[in-house]
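Worksheet: one structure, shown below.
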Amino acid sequence: MKKALLTLAFLALAAPASALTLTWGQITTGTNGQPLANGAEVTAYKIYQCVTGQACNKITGTVIATVNASVTSLNIDGQPVPRNYIVTAVNVVGEGAPSNVMRVLVPNTTSAEVAP
């Protein structure tokens, strides 16, 4: 799977009733900007949670959810805070490179930032 294929944009949104949700963009093109070939489409996304203060990657993170490719958000209410998150895309080739790290700093607010 091509690396750029797996670059995801993150948003942290606060919904009514203080729900905290991670949201990412659906992957539909490869590194060359062309649509994914038939059979190479993303089939799922894996969401990893990492402890703040350490590197956040597929090795140090814990998978907290795997969702169908049509799903591009995950409610993270009730998860420990502060925490970091990454998302990977999965297709028939395998699991791709992780997204940028999303750092959730304060529970039950809209406060979140993309980690450097």
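The values are calculated or read from the model by the stated rules, or taken from the named source; none is laboratory data. Please read all numbers here as calculations on a predicted model, not as lab measurements. Positions of Cβ are backbone-derived with ideal geometry, glycine not excepted, and every protein chain shown enters the neighbour counts.
Consider only pairs whose beta carbons are under 6 Å apart and that are at least six residues apart or on different chains; among these, list those whose first residue lies in the range 75-86 and is closer than 20 Å to K58 by Cβ and without any contact (Cβ under 8 Å) to a residue 60 or more places away in the chain and whose second residue is in a strand (DSSP E or B) and among the polar types (S, T, N, Q).
Pairs that qualify, where the first residue is closer than 20 Å to K58 by Cβ and without any contact (Cβ under 8 Å) to a residue 60 or more places away in the chain and the partner is in a strand (DSSP E or B) and among the polar types (S, T, N, Q), are R83/Q49.
Scan the range 16-41 for residues that are in contact with a helix residue (DSSP H, G or I) (Cβ under 8 Å, 6 or more places away or on another chain) and either buried (at least 16 other Cβ atoms within 10 Å of the Cβ) or not in a strand (DSSP E or B) (or both) and jot them down. First the steps, then the outcome.
Going residue by residue through the range 16-41, those that are in contact with a helix residue (DSSP H, G or I) (Cβ under 8 Å, 6 or more places away or on another chain) are 27, 29-31, 36.
If the condition is that a residue be in contact with a helix residue (DSSP H, G or I) (Cβ under 8 Å, 6 or more places away or on another chain) and either buried (at least 16 other Cβ atoms within 10 Å of the Cβ) or not in a strand (DSSP E or B) (or both), then I27, G30, T31, L36 are the ones that fit.
Within the range 75-101, restricting attention to residues that are among the small types (G, A, S) and assigned to a strand (DSSP E or B), which residue is nearest to Q26 (Cα to Cα)?
Applying the first criterion (among the small types (G, A, S)) to the range 75-101 yields 78, 89, 94, 96-97, 99.
Of the ones still in play, those that are also assigned to a strand (DSSP E or B) are 89, 94.
On the way: A89: 9, G94: 17 Å.
If we take residues in the range 75-101 being among the small types (G, A, S) and assigned to a strand (DSSP E or B), then A89 is nearest to Q26 (Cα to Cα).
Taking the range 42-54, which residues are more than 12 Å from T72 (Cβ to Cβ), of a type in the set (A, V, I, L, M) and not in a strand (DSSP E or B)? Break it down stepwise before answering.
Quick first cut of the range 42-54, residues more than 12 Å from T72 (Cβ to Cβ) only: 43, 46, 48-54.
This time we only want the ones that are of a type in the set (A, V, I, L, M), so: 51.
Residues satisfying the conditions do not exist here.
Identify the residue in the range 31-54 that is hydrophobic (A, V, I, L, M, F, W, C) and farther than 19 Å from G94 by Cα and, among all such residues, is farthest from the chain's Cα centre (by Cα). Outline the logic, then answer.
Of the range 31-54, the ones hydrophobic (A, V, I, L, M, F, W, C) are 36-37, 40, 42, 44, 47, 50-51.
Checking which are farther than 19 Å from G94 by Cα leaves us with 50-51.
Values: C50: 12, V51: 15 Å.
That would be V51.
Given the conditions (1) modelled with pLDDT under 95; (2) surrounded by 14 or more Cβ atoms within 10 Å (Cβ to Cβ); (3) among the β-branched types (V, I, T), and given that T110 satisfies all but one, which numbered condition is not satisfied?
(2)
Within the range 55-74, count every residue that is polar (S, T, N, Q), within 12 Å of the chain's Cα centre (by Cα) and either surrounded by fewer than 11 Cβ atoms within 10 Å (Cβ to Cβ) or part of a strand (DSSP E or B) (or both). Break it down into steps so the answer makes sense when it comes.
Narrowing the range 55-74 to residues polar (S, T, N, Q): 57, 60, 62, 66, 68, 70, 72-73.
Adding the requirement that they be within 12 Å of the chain's Cα centre (by Cα) leaves 57, 66, 72-73.
Okay, now just the ones that are also either surrounded by fewer than 11 Cβ atoms within 10 Å (Cβ to Cβ) or part of a strand (DSSP E or B) (or both), so 66, 73.
Result for the range 55-74: 2.
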